[in-house]
Each structure stands twice: as C-alpha cells, then as structure tokens.
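J.: Would you mind keeping the following structure in view while I ask a few things?
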Amino acid sequence: MSRARVRSLAIALRPYPFEVVALGAALLTLAFLRLRGLHYGWNTVEFLFPPLLRSLPRFFAVGVGLRAAQRLLSGGSVRDYLRTVLSRRWLLLFVRCWLASLFLVYGYTWLKVSIPLLRTALFDPQLWKLDRLLHFGISPSVLAIGLTAGTPLAPFLDRYYGLWVPTLPILMGFFFALDRDDLRRNFALAAAVLWSAGAWIYFALPVLGPCFASPDLLDPIRDQLPRAVATQRALWDHYLMMVRGRSGGLTGFQPMYGVAALPSLHVGAHALFAFWARRHERWLFVPAALLTALTFFASIVTGWHYAIDGYAGILLAWLAVRLADRFDPVEARAASAEAVEASGSIAP
C-alpha cells in the first residue's frame, strides 16, 4: 500500500470528538466500577452489544426513510440524497455514529444501575424543598397533579411518556441520517456529552424522584397512570433488591432497571433536539420545543421527576450543543448553504 493511501486511510479513520467522548465514557465507567469492587467484565458487553448491533439495519432504514420522506415533501431530490447515503464515506460515518451510541448506552446503563450499590445518600428531601423555593412556596408536583387528575389529559400523558424510550432511537436515526457529515458529527458530539455527563451527575447526586420518595403524591391520579405506575412498581422492587445487595449475596439483576432522576434526560434529550435544531435545522425547532415542554410537564404529572430535574436536563442540553459547536463546529459553507436553501434564494 502506498504512503499516500496509508495517510488517506489514517485520516479517514481518525477518531472524531464524539467517538472520544463515547468510548472514553464507557471505559471510564467500567474502570471506575471495577475499582469500586464491582466485578463487571465481558458479560456486560455480551448483554448489551449483540442486541443493539442487530438493530443497526432497522435504525438505518428508519432514519434514511424519514429523511427521504422529508426531501420528497419539501420538493428536494430524493435521488441525490440516496446517492449520498449509499456512498462509502457516508455509510462509514453512519456506522461510527451508531457504534458511539452503543458505547454511550453501555456506560450509561452500567453506571446508573450501580448507583444503589455504591451510594447510600439520597437528595430527594433537598430537591423537594428546592422545588418549592424556586416556585414561591408551591410544589410543581402537587400543582401539576392537582390540575391534571380526573381529566383526559392524565391518561394521554401516561401513554405519551411511555413512548419516549421506543421513539428515541427513531429520532436519533433521523439526525444521524443527515446528508452532511459535519452536521452528523456535531449532533453526535452533543448527544455524547448529554448522556455521558448526565450519567455521572446521576452518580454524584443520587435522586429517586417523587414517585419513589413520596409515593402518596400520586394517590389523586394513580388510577389514570397505569403504565407509569406499573413501571414504577417494577423499578422500585428492583431498586430495593439492589440496596439489599450492598451487603453481598446479589446473584442477578436487570441492568436496564436503573433509577435516577437528576437531571431528567427525558426532558434533556428533547431539549437537545430543540437547541440543536434552532442552530442547524430551524424548521424542526418549534415541534422539538413543543415536545420538550410536553415531556417536561408529563415528567412531573407522572411523578418521575421534580421540576428542577427538568431544568437541569434543559441546561445540560444547552451546554452540550454549545460544546459541540466549540469542539466540532459545523462548517461555515454548509451552514450558509442551508440558510440559502431555507430562504429559497439563489446564490449568485
């Protein structure tokens, strides 16, 4: 192989900032947990990676399909988009974005589920007081539940909030299926910062959430939230099992059943979409902002989060987008082209 070809290959495979953050977060989590006496090993990789890798074709098909539909509806060229998508360079970056997401899921999952084994302090009483202090002596949780209980809005929010997990990969695939590499790298870095930083904040400030710390809070609305209540019951039973495991004898657990509330990454993820869209895909900003507001309100009504959790998630999302623009910025020529396309004008 010629020196020029080797150099070209090295440049093509150099790690991007999003990959450094994602892989670094996974390795840091594994090293930290092992140093704290949790003997996680290859079994943690086998648990998560094979099923997530098998989902790659579906992830690709959904993301590209949605982007192609967007092109068709906006009057753009679907053929040009598909020609870009089928290029070797585009496909390689798409796979790299997906692999980085797997490493993020890995670090996030194992750190979050391990919190009750390693941390005994809980900050729910402080957050309850802070919530009231920030809202002039009124608890947002009590107020939101009181306004929603007995209305059709309660079961709607129960169903809506339950859709967050299955729809998140669809939304991520949509952003990873952009036709410009700089935009995809920038978004991937923002997502990596949000999820890796959020997981470590979970560990630094353990918070269960109102539904666990103050279960009576949901009494006026409990019958209208069957999905949330059933999930909360399963997570609480698992959490108590993990707490008992502090003294040894824990023979098995469900890694996906971690409990943590601060920051709310449900709210933070939708806020990330909104902040990022405002800077790079303005047509998406309004629907993403509306989703953020609805998710924020649903997180309080269902008892999963304090209002301060949502505020923290929004702030973290804003910081993640800013950091992405700082360390892997969108090229000025691409941003200018997008502005021209959005305005419908013709460049001279």
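Since every read-out is calculated from the coordinates, none of them should be taken as a lab result. The structure presented is a predicted model; accordingly, all values stated were derived computationally and were not measured. Glycine gets a Cβ as well: all are built from the backbone with ideal geometry, and neighbour counts include every protein chain shown.
J.: Between LYS129 and VAL142, what length comes free when the chain is fully extended (0.36 nm per residue of separation minus the Cα-Cα distance, one decimal in nm)?
T.: 3.4 nm
J.: Mind pulling the angle between the C-alpha long axis of helix 88-118 and the longest principal axis of the chain? Nearest 10 degrees, somewhere in 0 to 90.
T.: The helix 88-118 is inclined about 20 degrees to the chain.
J.: Highest mean first, how do 37-49, 183-195, 225-237, 19-31 rank when packing is the count of other Cβ atoms within 10 Å averaged over residues?
T.: Ranked by mean Cβ neighbours within 10 Å, highest first: 183-195, 19-31, 225-237, 37-49.
J.: Would you mind telling me which residue in GLY173, GLY137, GLY268 has the biggest mean-square fluctuation in a Gaussian network model of the chain, where springs connect alpha carbons within a distance under 10 angstrom?
T.: Greatest mean-square fluctuation among the candidates belongs to GLY137.
J.: Over the alpha carbons of segment 79-191, what is the largest minus smallest coordinate on each principal axis, giving the biggest first in Å?
T.: 57, 41, 24
J.: At 1.306 mPa s and 10 °C, plugging the Kirkwood radius over alpha-carbon pairs of segment 158-216 into Stokes-Einstein gives what diffusion coefficient in µm²/s?
T.: 112 µm²/s
J.: Top mean-square fluctuation among VAL142, VAL259, VAL207, Gaussian network model of the chain, C-alpha springs under 10 Å?
T.: Result for the chain, Cα springs under 10 Å: VAL142 fluctuates most.
J.: Which residue, LEU217, LEU82, LEU73, tops the fluctuation ranking in a GNM of the chain built on C-alpha contacts under 10 Å?
T.: LEU73
J.: Below 11 angstrom from the Cβ of SER141, what's the summed charge of the other residues (Lys, Arg +1; Asp, Glu -1)?
T.: -1
J.: For segment 95-178, which chymotrypsin sites (Phe, Trp or Tyr not before Pro) are both in a DSSP coil and crowded by at most 12 other Cβ atoms within 10 Å?
T.: PHE136
J.: In Å³ and rounded to a whole number, note down the convex hull volume per residue for the Cα atoms of segment 15-343.
T.: Convex hull volume per residue, Cα atoms: 146 Å³.
J.: Also, I was wondering about something else. So what's the net charge close to TYR306: Lys and Arg +1, Asp and Glu -1, counting the other residues with Cβ under 9 Å from its Cβ?
T.: -3
J.: Report, in deg cm²/dmol and to the nearest 500, the calculated mean residue ellipticity at 222 nm for the chain, where each DSSP H run with n ≥ 4 adds -39500 (n - 2.57) and the sum is divided by the residue count.
T.: Value at 222 nm, helices only: -24000 deg cm²/dmol.
J.: I'd like the FRET efficiency for PHE49 and LEU92, computed as 1/(1 + (r/R0)^6) with the beta carbon distance as r and R0 of 22 Å, rounded to 0.05.
T.: 0.70
J.: In addition: In debye, nearest 20, what is the charge dipole magnitude of the chain about its Cα centre with +1 on Lys and Arg Cβ and -1 on Asp and Glu Cβ, if you could check?
T.: Computed charge dipole of the chain: roughly 1160 debye.
J.: Based on the Cβ-Cβ distance from ASP223 to VAL20, what FRET efficiency comes out when R0 is 51 Å, to the nearest 0.05?
T.: 0.60
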